[in-house]
Amino acid sequence: MAISREDRNDGKSVVIHVNGQFDFSVVQEFRDAYQDCKGKDIVVDFRGTEYIDSAGLGMLLNMQTFLNKSEGDIRLINTMPQIKRVLVIARFEKKFMIE
């Protein structure tokens, strides 16, 4: 499973783990992970991510729109250098908090 979800004990935050490739092949799986997360703090953990493409970038933007989150409300954590480089080239540091 490329996408997994961890609900935090506080009931207010969710961590979505992305493993392997973050591309069009995981669109539905990723969407399912955040469908019921309105009003919760969202963290996307890229620790196990090897690759991201434009579909992956689009999925992050769609999630932000669906959850009605402001810029900087969603945290992207544990970004490997190759993933962070794509995010920075796409100027996602202006839309998300990248750690």
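Distance from the Cα centroid of region 24-44 to that of region 72-89 is 17 Å (rounded to whole angstrom).
Three principal axis extents of the chain based on alpha-carbon atoms, in descending order, are 32, 29, 20 Å. For D41, the residues whose modelled amide H falls within less than 5 Å of its own, excluding neighbours fewer than 5 places apart on the same chain, are S13, V14. Couplings 3J(HN,Hα) of region 2-13, computed from phi: 7, 10, 9, 10, 10, 8, 6, 4, 6, x, 10, 9 Hz, in residue order, whole Hz [Karplus 6.51 cos²θ - 1.76 cosθ + 1.60, θ = phi - 60°; x for Gly and Pro]. The label-point distance for Y51 and V27, in a model that sets each label 7 Å from Cα toward Cβ, rounds to 1.8 nm.
For region 1-51, what number results from the quotient of the Cα radius of gyration and 2.2 N^0.38 Å? It would help to have the intermediate numbers written out before the result.
Numbers: Rg = 10.9 Å, N = 51, 2.2 N^0.38 = 9.8 Å.
Region 1-51 yields a ratio of 1.11.
Using modelled backbone amide H atoms (1.01 Å from N, in-plane), which distant-in-sequence or interchain residues come within less than 5 Å of I77's amide H? Amide H to amide H, under 5 Å and 5 or more residues apart or across chains, I77 pairs with V44, D45, F46, E99. Of the trypsin sites (Lys or Arg not before Pro) in region 41-99, the ones in a loop by DSSP (not H, G, I, E or B) with at most 10 other beta carbons within 10 Å are R91.
Test of understanding: what is the full-extension gain from N62 to R8, defined as 0.36 nm times their sequence separation minus their Cα-Cα distance? Show your work: numbers first, answer last.
On the way: separation 54, 0.36 × 54 = 19.44 nm, distance 2.27 nm.
Net length gain for the segment: 17.2 nm.
Taken together, the values in this text are just the output of simple stated rules run on the coordinates, not laboratory data. As the structure is a computational prediction, the values presented were derived from the model and not from experiment. Reconstructed Cβ throughout: ideal geometry from the backbone, glycine too, with neighbour counts over all protein chains shown.
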